[in-house]
Structure formats: structure tokens, C-alpha cells
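Note sheet for the following structure.
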């Protein structure tokens, strides 16, 4: 059976710092490109809130579905 889960994509000029904050917040984070992070385990709202807490500007924030 194929499972589908939400993936949050976030682009920031401070992706390195944001990656650590998102991981500390419970997300599973991988680097998907220059300044682009792929996050599972957190909602887009949670990602945005953590970015604000850390003072990391966001240039893109979107959600997609990924089949496992």
C-alpha cells in the first residue's frame, strides 16, 4: 500500500540556520537545492512560525504531497 505524506518546501537565504531550527522543532529536513529545504513532520504553518522565531526570511513556502 502506498502512503502519501505532506512535504513542505521552504526557500531561504538562511537555509543552513533554518535547517537546524526545523530539525530541533521536530522536522525531518533535507537540502533539496541552493537555499531550498524539504521538510516532513511539520506543517507549513509550523515551518513559518519557526522561521519567524529564528529571524530567517522566507522566499518560498509551499506544501506538496509525496508518495512513499
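Numerical summary
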item: Burial ordering of 7, 39, fewest other beta-carbon atoms within 10 Å first; result: 7, 39
item: FRET efficiency for residue 63 and residue 36, using Cβ-Cβ distance with R0 set to 22 Å, rounded to 0.05; result: 0.95
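Values quoted throughout were computed directly from the atomic coordinates according to the rules given, and no laboratory measurement underlies them. Since the model is a prediction, treat every value here as computed from it, not as a measurement. Note that we place each Cβ from the backbone using ideal geometry, even for glycine, and neighbour counts take in every protein chain shown.
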